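Asks: Starting off with a structure, shown below.
The values are calculated or read from the model by the stated rules, or taken from the named source; none is laboratory data. Quick caveat: nothing in here was measured; it's all calculated off a predicted structure. All Cβ positions, glycine included, derive from the backbone under ideal geometry; neighbour counts span all protein chains shown. Just the protein is used for accessible areas: all its heavy atoms, side chains included, with ligands, DNA and RNA removed. Shrake-Rupley method; radii C 1.70, N 1.55, O 1.52, S 1.80 Å.
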Amino acid sequence: MKQLIAILLLAAGMAQTSAAQIQRTVTLRATTDTAAKPAPAATERASGKKLMKELKLTKEQRGKLKEQRNEAKSKKEAIEGNDQLSQQEKDNQLKELKKEQLAKTQTLLTDEQKEKLKKMRRQHKKEKPARGVTGQANEKGAAEKAPVQQ
C-alpha cells in the first residue's frame, strides 16, 4: 500500500515538475506500428488520476493531498540543492521525507479507501514484473554461467 501511495505521490510530483520544464518539440519518424505510445509522464498522470478516481477522493482530500505534495516537493528541492550534504545524507533525508509523506497520506484516507488501496496494490504487484537484476534470467542463461569443471 505504501508503494502505491508512493507511486501516486511520485506521479503527481513528476507531473508538477514536468509542467515547469521547457517544452520541446520532437519530430517522430513514421513507423509500421500505428498505435502511438503515450509519453511516460502522461501515463503517470493518467494513473494518478485513475487512482484518485477509483479511491473516490473528496475535494477536500484532493486539496490536502495537493498541499502535501507541494510541501514535499519544496523540501525535496531543498535537500537536493543543499551542497553541504553528501549524496548518502541526501539519500537518507529523501528516504525519510518519503516515509513522512506516506504517513501523512495515510491519515487522509478513510478505512474503506485504505482497504481499496491495499487491493489495488496487490493487483498491481501481480501484473507488474518482479524487480531485481536487470536482464533475462532463464534456465539456459543460468546453465551458461555455471562454472566448468575440469
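Asks: Taking only the stretch 101-127 into account, find how many residues are in a helix (DSSP H, G or I), touching a helix residue (DSSP H, G or I) at 6+ places or on another chain (Cβ under 8 Å) and more than 14 Å from ILE7 (Cβ to Cβ).
Replies: Count: 6.
Asks: Being open to solvent by less than 100 Å² (accessible area, probe 1.4 Å) and closer than 17 Å to ILE7 by Cα is the filter here; which residues of the stretch 83-97 pass it?
Replies: LEU94, LEU97
Conditions (1) at pLDDT below 95; (2) open to solvent by less than 80 Å² (accessible area, probe 1.4 Å); (3) closer than 23 Å to THR58 by Cβ; (4) under 18 Å from the mean Cα position of the chain (by Cα), marked per residue:
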| site | (1), (2), (3), (4) |
| --- | --- |
| ASN70 | yes, yes, yes, yes |
| GLY81 | yes, yes, no, no |
| LYS99 | yes, no, no, yes |
| LYS104 | yes, yes, yes, yes |
| LEU109 | yes, yes, yes, no |
| GLN113 | yes, yes, yes, no |
| ARG121 | yes, yes, yes, yes |
| GLY135 | yes, yes, no, no |
| LYS140 | yes, no, no, no |
